Every structure is written in C-alpha cells, then in structure tokens.
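Just below is one structure, and these are the notes that go with it.
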Amino acid sequence: MTSEWDVRTRLVRADEADEEGAPLNTPLVLSTTFRAHPEGVGFSAVDMGEQSPFFYARWSTPTVRTLERRLADLEGGEDALCFASGMAAITGLLLHLLGPGTHLVISDICYAGTAEFVRGTLRRYGVDVTPVDTSDLEQVRAALRPNTRLVYLESPCNPVLKLTDIEAVATLAHGVGAQVAVDATLATPIGLQPLALGADFVLHSLTKYIGGHGDVLGGVVVGGRAELAALRQDSLIHLGAVLNPFPAWLLLRSLSTLPQRMAAHEATAREVAAFLEKHPRVHHVLYPGLDSHPQAALARRQLRNTSGMIAFQAEDAPAVARRLAERLKVVHYAVSLGKPHSLIFYLPTDELQRTSFQLSSELQARYRAWAGDGVFRLSIGLEAPADIIRDLEQALAP
Ligand SMILES: *Cc1c(COP(=O)(O)O)cnc(C)c1O
C-alpha cells in the first residue's frame, strides 16, 4: 500500500489485487493447515520467524494477516496482532508484559472487564496494581516506581468519557522505563493516534466501531514488530484466543467504510449532545466535542474525531431509565456501542463501584464528582439525527 494515499483510499484499495484476474476483495481462506517443507518452519512456534510461511491456523492465517497489516497501517504501527475479542487482546498483552514483582499503573475508570481482570486475576498472579486517575498527571507521577512495567489507560474512557493526555503520560512513564498501552476503542484510529503521541501499544475492541455492524467479536494490539512477535508466541499461540478468518473477513469489509461511518457518528452525536444539553430534565452532558466538556482543550488537541459516545445525568435516573427502556422506538435500551443502531444504557455509580471498580474512597469521590449517582451512556448510531432527537424527546417527557 502506498502511504501517500489518504486513509480512505488505503482502506478501500486491497493490497493483493495487482495481477490481472486477481480478486478485488481479500479472499476468505478457511484452512487450519498449510503445506510445509522439512527445511522450512519447525514444529514448535518457538522457531517461528517473521518470514515463516503459514503453517497452522493458531499461529497465523492469510485473511487475518491482511487485516493485521491494514490495522497496523491505520495506526502508524510496525505490526498488529488480532485476537478473538477485545478482552483476549487486553488480557493477552497484560499477561505477556506483567508477572510477579512487576507493577502496573492503570486508569481508575476503564472497561469493566479490564477492571475486573486486573483486580482479580492479575493480582492473584502476583502483579502489583495501582489504579489512578490518569487524567491527573500528578497522580500518575506519584504512582510510578522503579518496577513499574506498564501504564495502561483508556481515552476517552468507558463509560464516562474522561480523557487522558497521552503524550504527557508517555513522557512520565518512559522516564522510569515503563511502557504505555492505550485502549482507544471509543476513539477509533480515525479519532486518535496513540502511537504518534508516544504510546508503545494501542488496543481496540474490534467488536465496536471498527466492526461497526454489531455482528462480529474481535480485538487487536498494535505496536513494535519485535514486541508483537513475542506477544504472538506468548499470548496468541499459547493462550489460543485467535481471530478466525471469517470474522477477519467481515472486519476487512467494515474497515473500508470506517472513516465515513465515524464522520456520520460524530456529526449526529454533536447534534444530539447539543439537544440534550438544552433539555430541562438532563444535566451534565459529557461529550468530548462539546465546549462544555471539562477537558475540551485536550479533546481539540488530541482527538481528530470526537466519536459517537455521549454520557449524561438525569434527575430521578432509575425512573428515567425505565421510561427510556419502555418508550424508545429508534434508540434501543441495550449495552455495547459502535453499531448502526443507537444504544442507551444506565450505569449506576454504586453498582459499578461494587462490582467492577472497587475504588479507594478518594478515587470513588473523584468518580462521583464526574459522574454523579450514575450516567446514561448513549452510543449514537447511523440513524437520521432528527429521528434520534424526536425519539429521545418523547421518551424523556414526564
Ligand atoms: C467492549 C470493550 C472492550 C472489550 O471488548 P470485547 O470485544 O467485548 O471483548 C474493551 N475495551 C473497551 C473500551 C470496550 O468498549
């Protein structure tokens, strides 16, 4: 692929269609085994090199490899490694980098599955974990230690859309020899380029905007070539949560429309956020594209697309949640995000703290100052803005 081309061109122009008669679409290759030669690749993945031919599908397959190359290109990374889900990518990277005696600094607010895995499994395996508010650089600086191996964060974070200054955190972390991993699922590569800001790894749940159609699970880690080769062996081949070729093929198809979908999600989210901000029953609308976002300046500097996620609070939220679930016709009351359908879900603060986050009282107070007793998380889909707004208006009425 030619890097002089705009991202929209690169995502459409398949990189294997140069000879006459070649298919324009990436072929879907369904084969678990590939023809080998005794002098070629060895029986163990330990001997696998970068130029090794395809051998066995848990190691690598052609359709998935094409997707990995395209995702690496999109993030400006040397290489990418796909997994069966976002959680498989996250847990694979954390288990690879961390071990007994190492220290992890992680953002206090992140995807519930990540928070629960880190607090449970990683601590059980002897990893020292310090959750901090990564939007506060002083907290990050104070948490770093000589044995800090990794600073892990989400920006914007799920579910309350707080941002972290990735460039500043990377400078602090690298100062003590730690690496930085950013889960940029909510921003997508169209909105955020963490590697260019100094992060060492960027992760995505491909299930969300990149898949974009609500029909496929997947995950990816993008980073340096040598580090991802080690990750492939340690976490992909040995833990086995590989992405299968068919979901990879669906993801390749989805990628070709990602820039246009993100432009539409963002444009509609801006209209809906402006509507919500003026609604008398709604308060504290959090959207990185609004001037009222507490980190609007950082959003302008760091995000090239402010995505389709909005969080807001409402008076008597449990009753409002019930009304939304019963009355909404265009928007669906459901979890997840990044689909063609608009989705809304209420996340009460008490429940999140009890189950997923279990933060210290100081971090809990910070969460409550930002998110109150709970937020409605709204993922704006691809429907017409006016229909979404009318639907929310009738459902929010008393
Ligand atoms: C959904 C999500 C994940 C987990 O991804 P799966 O594909 O569901 O495993 C991780 N991080 C963020 C920010 C998410 O939104």
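Points to keep in mind about this one:
- Check on GLN302, touching a residue at least 60 places away in the same chain (Cβ under 8 Å), touching a Gly at 6+ places or on another chain (Cβ under 6 Å) and more than 16 Å from the ligand (Cβ to nearest atom): no
- Identity of the residue in the range 89-113, surrounded by fewer than 23 Cβ atoms within 10 Å (Cβ to Cβ) and within 14 Å of the chain's Cα centre (by Cα), that ends up farthest from PRO348 (Cα to Cα): THR91
- Residue check, VAL180 modelled with pLDDT of 95 or more, part of a strand (DSSP E or B) and either assigned by TED's automatic domain parsing to the domain that holds GLY212 or touching a Phe, Trp or Tyr at 6+ places or on another chain (Cβ under 9 Å) (or both): yes
- Filtering the range 166-200 to residues that are closer than 15 Å to ARG301 by Cβ, in contact with a helix residue (DSSP H, G or I) (Cβ under 6 Å, 6 or more places away or on another chain) and either crowded, with 24+ Cβ neighbours inside 10 Å or not aliphatic (A, V, I, L, M) (or both) leaves VAL169, PRO194, GLY198.
- Annotation: LEU197 fulfils all but one of (1) within 30 Å of GLU138 (Cβ to Cβ); (2) within 13 Å of the ligand (Cβ to nearest atom); the unmet one is (2).
- Of the helices (runs of 4 or more DSSP H) lying entirely inside the range 187-265, those containing at least 2 residues that are closer than 22 Å to SER31 by Cα and not assigned by TED's automatic domain parsing to the domain that holds LYS339 are 245-255.
- One residue stands out among those in the range 266-300 that are touching a Phe, Trp or Tyr at 6+ places or on another chain (Cβ under 7 Å) and assigned to a helix (DSSP H, G or I): the one that is nearest to LEU24 (Cα to Cα), which is ALA269.
- With respect to the conditions (1) buried (at least 24 other Cβ atoms within 10 Å of the Cβ); (2) in contact (Cβ under 8 Å) with a residue 40 or more places away in the chain, ASP133 falls short on a single one, namely (1).
- Hits in the range 85-119 - residues which are among the charged types (D, E, K, R) and either assigned to a loop (DSSP other than H, G, I, E, B) or within 19 Å of GLN295 (Cβ to Cβ) (or both): ASP108
- For PRO385, the conditions (1) on the phi < 0 side of the Ramachandran plot; (2) crowded, with 18+ Cβ neighbours inside 10 Å are fulfilled apart from (2).
- Only listed residue being hydrophobic (A, V, I, L, M, F, W, C), assigned to a loop (DSSP other than H, G, I, E, B) and outside the structural domain of PRO288 (by TED's automatic domain parsing), chosen from LEU163, LEU122: LEU163
- Unique match (being away from the ligand (no atom under 16 Å from the Cβ), within 21 Å of MET262 (Cα to Cα) and among the small types (Gly, Ala, Ser)) among ALA384, ALA365, ALA395: ALA384
- Taking (1) in contact with a strand residue (DSSP E or B) (Cβ under 6 Å, 6 or more places away or on another chain); (2) touching a residue at least 24 places away in the same chain (Cβ under 8 Å) in turn, ALA264 satisfies each apart from (1).
- Condition met for LEU337 (within 16 Å of the ligand (Cβ to nearest atom) and either modelled with pLDDT of 95 or more or surrounded by fewer than 18 Cβ atoms within 10 Å (Cβ to Cβ) (or both)): yes
- THR207 of a type in the set (S, T, N, Q), closer than 20 Å to THR63 by Cα and within 16 Å of the ligand (Cβ to nearest atom): yes
- Conditions (1) without any contact (Cβ under 8 Å) to a residue 60 or more places away in the chain; (2) on the phi > 0 side of the Ramachandran plot; number of the one not met by GLY289: (2)
The values are calculated or read from the model by the stated rules, or taken from the named source; none is laboratory data. Everything numeric in this text was worked out from a predicted model, so none of it was measured. As a convention, Cβ positions derive from the backbone with ideal geometry for all residues, glycine included, and neighbour counts pool all protein chains shown.
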